[in-house]
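Below: the structure, in structure tokens.
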Amino acid sequence: MSDSTKQIIHHLHGIRTMQEIADKAGLKPAIRAVQVWQCKRLLASHQQMYQQKRFKPAVEFFINELYGPNDFSQRDQDIARIVPKMSKFLPEKALHSLASALHLNTLSFELDFSLAKQLVGTEINRDSYAKAYVGCDNLANRRQQIDYISTLGNDLAEVVKMKGISSLLFISRKPAKIAGVLALHEFLEKGFKAFKNLGKVEDFIIPVVNKELQIMQQLINPNSPNPLPDV
């Protein structure tokens, strides 16, 4: 079993455990509310890039497939079911990018969980969110989350460059549906399409990462104005 496959199993276990804890604590509605607000915030903060045809699919992929309130349980079940066989039909680079995506997804859910505990029973707006963000006191994890935006972006850019990857995804769609892993296949397709025509990935990743780092630094600085948009 490859290192990437082991990482995939580890991250799947992590997100499943966190979801079970959230369910037992009755926090799922609050977590969903946090995720919905964050999607609006991300779109507002990166609106300039979102308005550009070249960057729009990548912005949507990160928000909808990794940060949003969508139910990813079917995709994760697909992955868990075929983990032992994945290396037979997916190149190592693709497995590595999938591991990175799941790591970012898991870490983001943990951060959302912490925010939800702070925001239960509170209307989420730029002020309440900023207060909860600081109250979570998890700066190291926040930095790691931003770092993984860069990691995943670069991983996907490498996969897109692989010879024959487009054909591989196309011809494997029907077998994936028959095998009952269409949700996983659609996730991989969306990632590929998002980065296919991006060009230099640095043109997308660097502005996004710099913007998020700037927002983070301003949020934790009591002398800085609230950098969050009013959404």
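Coordinate-derived values only; no laboratory data. Only a predicted model underlies this, so the values are computations on that prediction, with no experimental measurement involved. In this analysis, Cβ positions are derived from the backbone assuming ideal geometry, glycine residues included, and neighbour counts consider all displayed protein chains.
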Eligible lysines near residue 56 by straight Cα distance, threshold 18 Å, same-chain separation 8 or greater: 40, 190, 193, 196, 200, 211
Relative packing of peptides 69-82, 214-227 - highest average C-beta neighbours within 10 Å first: 69-82, 214-227
Cα-only radius of gyration and Dmax that characterise the range 1-137, units Å: 16.4, 49
Per-residue ³J(HN,Hα) for the range 124-141, Karplus 6.51 cos²θ - 1.76 cosθ + 1.60, θ = phi - 60°, Hz, x for Gly and Pro: 8, 9, 4, 7, 5, 5, 4, 5, 5, 4, 5, x, 5, 6, 10, 4, 4, 5
Per principal axis, descending, Cα span of the chain in whole Å: 53, 41, 26
Phi-based couplings in Hz for the range 158-163 (Karplus 6.51, -1.76, 1.60; Gly and Pro marked x): 5, 5, 4, 6, 5, 5
The chain: angle of helix 182-196 to the longest principal axis, Cα-based, in degrees nearest 10: 80 degrees
Descending Cα extents along the principal axes, the range 10-91, whole Å: 41, 39, 17
Order of 109, 195 - criterion: other Cβ atoms within 10 Å of each residue's Cβ, fewest first: 109, 195
Between the range 69-132 and the range 24-54, the alpha-carbon center distance in angstrom: 13 Å
11 Å beta-carbon shell around residue 96, net charge (K/R +1, D/E -1): -3
Contour excess over end-to-end distance, with Cα ends at residue 143 and residue 223 and 0.36 nm allotted per residue: 26.8 nm
The range 1-138 - charge dipole about Cα centre, Lys and Arg +1 at Cβ, Asp and Glu -1, debye rounded to 20: 340 debye
